[in-house]
1. Looking only at segment 245-265, which residues are in a loop (DSSP other than H, G, I, E, B) and among the hydroxyl-bearing types (Ser, Thr, Tyr)?
2. Please go through segment 57-89 and pick out each residue that is of a type outside the set (A, V, I, L, M), under 28 Å from Glu2 (Cβ atoms) and in contact with a strand residue (DSSP E or B) (Cβ under 7 Å, 6 or more places away or on another chain).
3. Does Ile37 satisfy the condition of being more than 11 Å from Ser68 (Cα to Cα), under 20 Å from the mean Cα position of the chain (by Cα) and not acidic (Asp, Glu)?
4. Restricting to segment 28-58, name every residue that is closer than 18 Å to Glu98 by Cβ and crowded, with 17+ Cβ neighbours inside 10 Å.
5. Do any residues in segment 142-156 that are farther than 10 Å from Asp19 by Cβ have Cβ atoms under 7 Å from those of residues that are at pLDDT 95 or above and part of a helix (DSSP H, G or I), where the two are at least six apart or on different chains, and which pairs are they?
6. Here's a check for you: in segment 106-123, which residue that is among the hydroxyl-bearing types (Ser, Thr, Tyr) and farther than 19 Å from Gly17 by Cα is surrounded by the fewest Cβ atoms within 10 Å (Cβ to Cβ)?
7. For residues that are among the polar types (S, T, N, Q) and out of contact with any Gly (no Cβ under 9 Å at 6 or more places or on another chain), scanning just segment 3-36, find the one that is farthest from Val55 (Cα to Cα).
8. Among the residues of segment 124-138, write down those that are of a type in the set (A, V, I, L, M) and surrounded by 20 or more Cβ atoms within 10 Å (Cβ to Cβ).
Amino acid sequence: MEIDIQPGKYIVAVSGGVDSIVLLDLLMHQNNLELAIAHLDHGIRKESHLDHDFVEKLSEKYGLKFFSKRVELGQNASEDNARKVRYDFLDSAMKSFEAKSIITAHHQDDILETATFNILRGTGRSGLSSLKSTPKILRPLLRYSKLEILEYAKTHQLDWVEDKTNQDTRYSRNYIRHKVLAKLNNKSKDKLITLVNNTRDVNGLIDKELNLQLHKNLKDNKLDKHWFIMLPNNVAEEVVAYWFRQSGLGSFDKKIIHRSVAAIKTFKSGKQSDIYGGSRLIIEDQTVAITR
């Protein structure tokens, strides 16, 4: 296994599981990297402090700065909330360390899980190819499977901890992992990966056009209402989804998009429509704005 990270300062997200342990080992063999470890204890398991202690000792072993935080999400925490808390913490650690990016251990199997999860949520074409590297979040293991990561860990005699909640199929992602994707053979998984990659390429072209059209009809982050009303519904849905993502709203589903499109096209001036989490659409005579 090989990864190629440009020289610089980085925050490495390390849970203590095999994926992040392999990532850290690979990074330690790279030249000209200044690394710090970030570990978030969600407080979902009683014994989660042991994971923290394991990762802290690992940071001492490698001589790396260690950022950690414990939160009390509890056993009934939603996956969306846990994800948001995690990335908020990683973002804070990145700023404290003055790092250029965050590096996470997402791999090829995570691509399939995320694509399946988003299809079931109804997030549309963008959800099918949402897990990728960005300038802010690097994911250098995306071309490797879970099996390859496990083989690397065993070959290099690495130690890691097992998170028992990963076996709990009450969580949607775990159900997809153990009950859906586990039934696919390698050939089927390869076909799904190819579909995801092809969709990512097409999405790039579509997003460029959406960005062009949206900014022609968006002034001071207010959307031209007349232009939007004239769009076919399927195009209007794409515009709203893209606008929401550009505005920092990422945790929406198909129901929210449908409701928002209907509000923009039918609500009278002065009316408001909830998006989620305190965010709302403000409908005016000529424009529509997002407020929080």
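The values are calculated or read from the model by the stated rules, or taken from the named source; none is laboratory data. From a predicted model like this one, the values you see are computed outputs, not experimental measurements. Don't worry about glycine lacking a Cβ; one is built from the backbone with ideal geometry, like all the others, and counts go over all protein chains shown.
1. From segment 245-265, those in a loop (DSSP other than H, G, I, E, B) are 247-253; that's our starting set.
Within segment 245-265, Ser247, Ser251 qualify.
2. Within segment 57-89, Ser59, Lys65, Phe66, Phe67, Arg86 meet the criteria.
3. Spelling it out, it is not the case that Ile37 is more than 11 Å from Ser68 (Cα to Cα), under 20 Å from the mean Cα position of the chain (by Cα) and not acidic (Asp, Glu).
4. Passing the criteria: Leu35, Ala36, Ile37, Ala38.
5. That search, which allows pairs on different chains as well, returns Tyr152/Val22; His156/Asp25.
6. In this case the residue turns out to be Thr116.
7. Filtering segment 3-36 for residues among the polar types (S, T, N, Q) gives 6, 15, 20, 30-32.
Subset that is out of contact with any Gly (no Cβ under 9 Å at 6 or more places or on another chain): 6, 15, 20, 30-31.
Values: Gln6: 24, Ser15: 7, Ser20: 10, Gln30: 20, Asn31: 22 Å.
Top of the filtered list is Gln6.
8. Leu128, Leu131, Leu138
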